[in-house]
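**Q** To start, I am sharing the structure in question, which I have written as structure tokens.
The values are calculated or read from the model by the stated rules, or taken from the named source; none is laboratory data. Worth saying up front: this structure is predicted, and the values here are computed from it rather than measured. Note: ideal-geometry Cβ built from the backbone for every residue, glycine included; neighbour counts use all protein chains shown. We work out accessible area using only protein heavy atoms, side chains counted, and drop any ligands, DNA or RNA first. Shrake-Rupley method; radii C 1.70, N 1.55, O 1.52, S 1.80 Å.
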Amino acid sequence: MSTITSILLKDALDRDDIITLLGADNPTDIELIRLTAEKIMRDKCGPDVFYRGLIEFSNHCICDCYYCGIRKSNAAVNRYILPKDDIAASAKWCADQGYGSVVLQSGERRDEAFIDFLADVIAEIKSSTTSEKMPDGVGITLSVGEQSPETYKRLYDAGAHRYLLRIESSNPHLFASIHPPAQDQQTRIDCLKSLRDTGFQVGTGVMTGIPGQTVADLADDVLFFRDMDVDMIGMGPYIVHKATPMNIYYDYYNYAKDEIFQTALLMIAVCRIVLGDVNIASTTALQAMRDNGREEGLRYGANVIMPQTTPVNVRRDYLLYEGKPCLDEDVRHCRTCLEKRIHSIGRKIAVDVWGDSKRALRRQC
């Protein structure tokens, strides 16, 4: 019996087991890990792929993350915030197509005007998307960064019920290497705890392939997800953006991107194996690296896809990394394209459902 097989037969994996799985480089071993993750996904979550219509409603940001294309110091970015009616219209379009949920994502702001705006948008979306099939309207996931407990409570009361706040790395030294000193990892962890206390279903995630990152770091990330008992995971490969301080790693990225891509898939698989019934997204960044990247993410155990529904006229202004796909496709074309991709791997799309994680639903029982 191979080492990989013996690990996969265990009821619970320790840190060394996770390191071994993430470090797999033999195609036979990798396929065994993938098949195991896919089976667990089907057994624990079912075969459905849940949609989250992605609305990138603003690129204004007070943060200066060293890797991010919309960081506040990037003066070349054309800043925008979508009108409330446009955001609500995008959400209504998603509801009409049977997308059970939307993600409202933006750069980070904490000023009162922004929070007032967002709370109003959430309330408008909930009221405008109610139907016989979804009497409570579409499910709303927020991804708007670190906020105060009072703000989280206000946004939750407005109608959002899921929140994604990526930790980026559970290693404090790696976290510090990709953020300015004013951005503190403990603050982010405290925010994740505050989100749970508020009642949100909590999602987090990391970047795979950060310069200096080790397989042991990634194993610790998986354990962080487990110990935080998160409901959702949104991870993606590190992709360099030339207009950031991390452009010094451009040659590193081009040299290592095949390995980064494969490790990103293994992270999805191992998270599925360790955490079982969480929701895991197959992110757009995977498709930025490979045309079939999102399908591969699904094959490795992901069960969430975020179709692009941001208006086309502002999509190029929301580039966190280079090579982002689907910048010029209208929402109808994107919908059709994704349907074909998902059906091509034998999966089906869940319609008119929020698609909350089984883990979150178990917690509510």
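**Q** So how many residues does the stretch 312-334 have that are open to solvent by less than 30 Å² (accessible area, probe 1.4 Å), in contact (Cβ under 8 Å) with a residue 24 or more places away in the chain and either among the charged types (D, E, K, R) or in a loop (DSSP other than H, G, I, E, B) (or both)?
**A** Going through the stretch 312-334 one residue at a time, the tally reaches 5.
**Q** Go through A95, A91, A113 for me and flag whichever is small (G, A, S) and either over 22 Å from the mean Cα position of the chain (by Cα) or open to solvent by 60 Å² or more (accessible area, probe 1.4 Å) (or both).
**A** Working: A95 fails: either over 22 Å from the mean Cα position of the chain (by Cα) or open to solvent by 60 Å² or more (accessible area, probe 1.4 Å) (or both); A91 fails: either over 22 Å from the mean Cα position of the chain (by Cα) or open to solvent by 60 Å² or more (accessible area, probe 1.4 Å) (or both).
Testing whether each residue is small (G, A, S) and either over 22 Å from the mean Cα position of the chain (by Cα) or open to solvent by 60 Å² or more (accessible area, probe 1.4 Å) (or both) leaves just A113.
**Q** Can you say whether A281 is out of contact with any strand residue (DSSP E or B) (no Cβ under 9 Å at 6 or more places or on another chain), buried (at least 22 other Cβ atoms within 10 Å of the Cβ), of a type in the set (G, A, S) and in contact (Cβ under 8 Å) with a residue 60 or more places away in the chain, as far as the supplied structure shows? Spell out how you get there, then give the answer.
**A** Details: out of contact with any strand residue (DSSP E or B) (no Cβ under 9 Å at 6 or more places or on another chain): no; buried (at least 22 other Cβ atoms within 10 Å of the Cβ): yes; of a type in the set (G, A, S): yes; in contact (Cβ under 8 Å) with a residue 60 or more places away in the chain: yes.
Taking the combined requirement at face value, the residue does not satisfy it.
**Q** Out of the residues in the stretch 147-170 that are of a type in the set (S, T, N, Q) and under 19 Å from the mean Cα position of the chain (by Cα), state the one that is surrounded by the most Cβ atoms within 10 Å (Cβ to Cβ).
**A** Going residue by residue through the stretch 147-170, those that are of a type in the set (S, T, N, Q) are 147-148, 151, 169-170.
After this cut, where a residue has to be under 19 Å from the mean Cα position of the chain (by Cα) as well, the list is 147, 169-170.
Values: Q147: 23, S169: 25, S170: 22.
Once the filter is applied, the top-ranked residue is S169.
**Q** Being open to solvent by 20 Å² or more (accessible area, probe 1.4 Å), acidic (D, E) and touching a residue at least 40 places away in the same chain (Cβ under 8 Å) is the filter here, so list the residues in the stretch 28-79 that pass it.
**A** Within the stretch 28-79, E38, D48, D64 meet the criteria.
**Q** Checking E296 against (1) open to solvent by less than 30 Å² (accessible area, probe 1.4 Å); (2) farther than 26 Å from K242 by Cα; (3) not in a loop (DSSP other than H, G, I, E, B): exactly one of these is not met. Which one?
**A** The failed condition is (1).
**Q** Look through the stretch 5-23, keep the residues that are open to solvent by 50 Å² or more (accessible area, probe 1.4 Å) and among the acidic types (D, E), and return whichever of them is nearest to G209 (Cα to Cα).
**A** The residue in question is D16.
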